[in-house]
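Everything on this sheet refers to the single structure shown next.
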Amino acid sequence: MNSQVPILAVRDLVKEYPGTVALAGVSIELRVGEVLGLIGENGAGKSTLLKILTGVEAPTSGKVLINGEIMHLRGVRDATAKGIGMVFQEQSVIPNLTIAENLFLGREAALTRFGVIRRSKRRRLALQALEPVGIDLDPNTVVEDLTFVQRQLIEIAKVLLIGQSSGQAPVVLLDEPTSVLEGDDLERLISLIEKLRQDSAVVFISHRLDEVLRISDRVYVLRDGEVVAECRPEGATEHDLHLLMVGAEHSDDYFGIERQRSDFGPVRLRVTDLLVKGMREPLSFELRGGEVVAFVGTEGSGTEAVARGVVGVSERSSGKIVIDGAPAAIRRPSDSAKLGIGYVPSERKTDGALLSLSLRENLTLAYLDEFATSHMVSRRRERAATKEWVERLSVKTPGIDVPMRSLSGGNQQKVVLAKWLLSNRLRVLVAETPSRGLDVGAKADVYEVIRDAADRGVGVMLLADTLEEAIGLANRIIVLRDGRQTAEIEAPASAKPVPVDLIEWMV
Amino acid sequence: MVQTDYLADSASALPDSPSGADWLTPRRRRMLAAWGPVITLGALVLVLTIVNSKFATAANIKTIANQSAIPLVLGVGLAMVILLGAIDLSIEGVMVATMFSVALMAANNVNDLDLGVLAIIVGLAIGAAFGAVNGMVNAYLRIPSFMVTFGMWFVGIGVAQRLLGRQPPRIDLEARNWVTVQRLGVQQMFFIAVIVVALGFLLLRHTRLGRHIYAIGGNEELASQSGVHVRRVKVMVFTMAGVLSGLGGAFALGRAGVADVTASQGRLFTTIAGVVLGGTLLSGGRGGVLQSSVGIIIMIVLRNGMVLAGVDPFLQDAVEGAIVVAAVIAMNWSARAKLRVVA
Amino acid sequence: MLVALVAGVSLLEPSFLKAASLRTLAEQFPLIFMLSMGQMTVILLGRIDLANAAVTSFAAILMAKWAPDLGTFGIVAVIAITSGIGALHGWLHMRAQVASFMITLGGLGVWSGLALFISEGRSLSVDPGVASRLFDRTLGIPNAAIAAVVVAVGYAYLLANCTFGRRLFAVGNGQRPASLSGVNADRIVLIGFAISGFFSGLAGTVLIAWLEIASPTTANSLLLPAIAAVILGGTAITGGVGGVGRTLIGTLIVAVLRVGLDVAGVETSIQPVIFGMLAIVSVAVTIDRSRLPVIK
């Protein structure tokens, strides 16, 4: 079986974004009848690889081959037509249409006579298409009435259907298909994947390593844009895979552990029984001045929900927030900002920075009142503060009035952090993956800023990008799984836990 | 203009928790959208029958039927546009532009041109041209439809004013026949309107184009990825809406016998309010021609009730404006949390 | 472009530079300028106010009704009311998350309907004596018009320098990052619409000061020219880009165009065609398509 030409192969794929390298030469092969596991931490390059395979992004260099032929994919539609179908994490069926309409959308030609759809024929073909995924539903059911897993199965059916018309065995990319499934639904999906491999090839991307080991024939491990290992599931354990994903520790004091504080101020933030959409159990925790508490968990575990509940981005269904002993009424981010809670969102480009405004305008936006006398902003004071912070955080910029867009990602992120740090009113900093997408040097700079904040007595709530980062930076780590807290692990400078200690609580 | 919906955070919705209250499942919501307007209309008719003895008379019901024709035709066009998630504000402009064009081409008292039926066909073609421009500018130049059609609204009015000349063209009695001739005691245009509604219903329900309209309204990006020719569909829909606005203008001409720049005033409100009241959401993809038609009849009956009650006509306009706002807010209420840029 | 336009019109029709046309220009300008200032504020936020001209008509009618009894106080009260109307539009828009064009389109119906209702469809004459400070003329220009332009200049300064102005631009540039930086976007949008209402009220004052009559429909025809003025000046409907200076230039272009077209003998009847197309074309040029993933 291994002698045949791979149905899908990528060779030396490189994808560079301004300032970072997302893929640094990845080669992967996939044959019909195979289920390939693809794992890696956030930022390892998985999503970039998928974007290239579905034609959403073009690689900087390298080749994508289907059946041995070089392909230039020009978009999701083009990729599907050539036999690569992706089942998206965010589902891609249209909710207000029926199952049958979704299955044949855009390809009704065979079903129409003078533009009028022949319903009986469509129904018959839809039933045929649903058979391989094993659901017994009326094709005229509206998709929004279906459960999550049913919708996922419809999507798989659609991918298979299109794959068939490409005249070759379809390649099905499953992106985190199991992340919200439990029990019977999960078993159904797994048995479907078993069935799929008979005449197609499957790429299975998941954070749940036990499932990856159970389903896959081969597993590729991505780290920092490279394939660091290719292994067979036999004999491998979840721990082995995790160690491969996390990689070797940085030798010197990359995270500034020496600067980690052990003496804390009074409790700055007390959260009691917080419950937000995306969490399943209420959560309580405390954050002291000078302390860094990291929240870790796989995607969808609820860490983001906690952070967003605290700053008022997401609506809380329950929970009390007390800041420096005083109950806080936080309904929207402007309330939390007033109370001295700074928020660094994970999406720097769309949520953190106003790219068209100048560096100065970004820097002073959060605490604009501090630069104003009776509502009139003083340019002089703004300039002085901007210059001071550009220097303190060594932001590389040609000037303070250039648009944010012209700065590199790392320097943009420094400005996003500085807009909170510049005020003495800052008491708590909520930072979501503040180092994501930055190069090594910029990451170290960001870590230093976090240490500085802790030195000033600010309590830091950190959603780390990697386990390594969480362990390196935090005094304490709270682990979440499926919307519940599963562990709270102390991480003093003298006795840091290792990733494996956390992993067992995460999966 | 960026409406908040363009920036909406769609990724935040969890699979297991559709928005709105738990009891309001998608199926129940669809049922409510389908039958709510019918029940509202029934209740409205009932109340008016009890309150005003003049309401449930044969003469008044005929009046309502005659008054419904134009809004129904306009409603079919607008409903299709709104199903895409777009909007057509140019209805009134296109109506009067066509009204004047047809008047000057039919047998009239201003010029000697008399193209007969051809006048109507050319008039509809003019409406189609307006619609096609709307659609092409929206789809190919990528300008929000409200802005394009807002501009075209005034272009249409300007064209009509230009055609006005010294005196408003009055058309001959025979040229009005196709609109005003009585059938079963009701003007013929009512039956034409019913046929238009039926055709609109069949188009949306049973043709590929119709399903593509719903797909685009449901999720334009996914529809495009699935191979729907989004831009082509948009141009076609706006063109059809233009034709129907033109037909509305031709009807209005037939009814009045004379072209008038102000003849279309207020039509946009009645139509939008009706379409939205009928449960066709401005966000697109939900609702349909039949529901919209029910909504439009609600508006007509409501206005008829206000007339019977002797409400000042200017105040009626204000009330319609308020209904537009109230209807849009009410229909959007359950979705508002999802549309927020930041909670 | 403005210079070219003035030069072009003057060359083609030397009579343009005569006192009479300049007077008309001076008459048109403050009125359109008030409306375009209000519209600009809302457009900078990435929204639109289709009701502002109707609110002006409503204001003019209310003033005509109240001025005889209340004098200047009546005028001020009406401006307060129109600001409140604007705030109501903004509040409904944010609270219900319905597109602003839709809310204000409904507002257009409500306020023009009420203006017609209150005036019973007639024009009301206003005795300039009732609020003489505002209605007296300096160099033939009503004080109200001069005051309005002064207010606009002050507003330009405020927009550039006060905290609200800075937050307005931030929200217009990106509501998400602005909100996440602690800006209360709901409040900024609400105030923005209130300012639009405020300028509608000022425009109403200017209108009756010039004409000494209040008509329930006169201002309605200025909705489109005012929007065209804002966009022509280079304020993008996607929000966040633009300012008073640009709007001033845009307004001058529109005013010169209106007067110029009249002088050149182009019938007023087709002016809507020109402004409608102008609005579409300038939107096409200034819109930031990268900010709109899907264009509906």
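Would you mention how many residues in the range A:353-389 are among the polar types (S, T, N, Q), at the interface with another protein chain (Cβ under 7 Å from one of its Cβ atoms) and crowded, with 22+ Cβ neighbours inside 10 Å?
Summing the residues that are among the polar types (S, T, N, Q), at the interface with another protein chain (Cβ under 7 Å from one of its Cβ atoms) and crowded, with 22+ Cβ neighbours inside 10 Å in the range A:353-389 gives 0.
What tally of residues in the range C:262-283 results from selecting those that are under 21 Å from the mean Cα position of the chain (by Cα) and of a type in the set (A, V, I, L, M)?
Pass one, the range C:262-283, residues under 21 Å from the mean Cα position of the chain (by Cα): C:268, C:271-283.
Now restrict to residues that are of a type in the set (A, V, I, L, M): C:273-274, C:277-281, C:283.
The qualifying residues number 8.
Evaluate the following for B:Leu115: is it modelled with pLDDT under 90, among the aliphatic types (A, V, I, L, M) and farther than 26 Å from B:Ser245 by Cα? Break it down into steps so the answer makes sense when it comes.
Numbers: modelled with pLDDT under 90: yes; among the aliphatic types (A, V, I, L, M): yes; farther than 26 Å from B:Ser245 by Cα: no.
For B:Leu115, the condition - modelled with pLDDT under 90, among the aliphatic types (A, V, I, L, M) and farther than 26 Å from B:Ser245 by Cα - is not met.
Assess whether A:Phe88 counts as being under 22 Å from B:Ser224 (Cα atoms) and not β-branched (Val, Ile, Thr).
On the way: under 22 Å from B:Ser224 (Cα atoms): yes; not β-branched (Val, Ile, Thr): yes.
Yes.
Residues of the range A:84-101 being more than 8 Å from chain B (Cβ to nearest Cβ) and without any contact (Cβ under 8 Å) to a residue 60 or more places away in the chain, which ones?
To start, the set of residues in the range A:84-101 that are more than 8 Å from chain B (Cβ to nearest Cβ) comprises A:84-89, A:98-100.
Listed by number, the residues that qualify are A:Thr98, A:Ile99, A:Ala100.
Buried (at least 22 other Cβ atoms within 10 Å of the Cβ), touching a helix residue (DSSP H, G or I) at 6+ places or on another chain (Cβ under 7 Å) and closer than 25 Å to B:Ala335 by Cβ - does that describe any residue in the range B:240-257?
Yes, because at least one residue in the range B:240-257 is buried (at least 22 other Cβ atoms within 10 Å of the Cβ), touching a helix residue (DSSP H, G or I) at 6+ places or on another chain (Cβ under 7 Å) and closer than 25 Å to B:Ala335 by Cβ.
Hand me the list of helices (runs of 4 or more DSSP H) wholly inside the range C:134-205 holding 3 or more residues that are surrounded by fewer than 19 Cβ atoms within 10 Å (Cβ to Cβ).
Passing ranges, in order: C:143-161.
Specify the residue that is surrounded by the most Cβ atoms within 10 Å (Cβ to Cβ); the eligible residues are those in the range A:295-346 that are among the small types (Gly, Ala, Ser) and within 24 Å of A:Gly472 (Cα to Cα).
By that ranking, first place goes to A:Gly342.
Check A:Val292, A:Val212 and return the single one that is buried (at least 21 other Cβ atoms within 10 Å of the Cβ), at pLDDT 90 or above and of a type outside the set (Phe, Trp, Tyr).
The unique qualifying residue is A:Val292.
Go through (1) surrounded by fewer than 23 Cβ atoms within 10 Å (Cβ to Cβ); (2) under 30 Å from A:Ala129 (Cα atoms); (3) in contact (Cβ under 8 Å) with a residue 60 or more places away in the chain and name the single condition A:Val21 misses.
Failed condition: (2).
Could you please tell me which pairs satisfy a Cβ distance under 8 Å, a separation of 6+ or placement on different chains, a first residue in the range C:274-287 that is more than 7 Å from chain B (Cβ to nearest Cβ) and closer than 14 Å to C:Arg246 by Cβ, and a second residue that is of a type in the set (S, T, N, Q) and not in a helix (DSSP H, G or I)?
The qualifying pairs are C:Thr286/C:Thr235.
Please specify each residue of the range B:171-198 satisfying the condition of being in contact with a strand residue (DSSP E or B) (Cβ under 9 Å, 6 or more places away or on another chain), outside any loop (DSSP other than H, G, I, E, B), surrounded by fewer than 18 Cβ atoms within 10 Å (Cβ to Cβ) and in contact (Cβ under 8 Å) with a residue 60 or more places away in the chain.
The answer is B:Thr180, and nothing else.
Being more than 14 Å from chain A (Cβ to nearest Cβ), outside any helix (DSSP H, G or I) and touching a residue at least 12 places away in the same chain (Cβ under 8 Å), is that true of even one residue in the range B:223-234?
no
The values are calculated or read from the model by the stated rules, or taken from the named source; none is laboratory data. Worth saying up front: this structure is predicted, and the values here are computed from it rather than measured. Cβ atoms come from the backbone with ideal geometry, glycine included; neighbour counts cover every protein chain shown.
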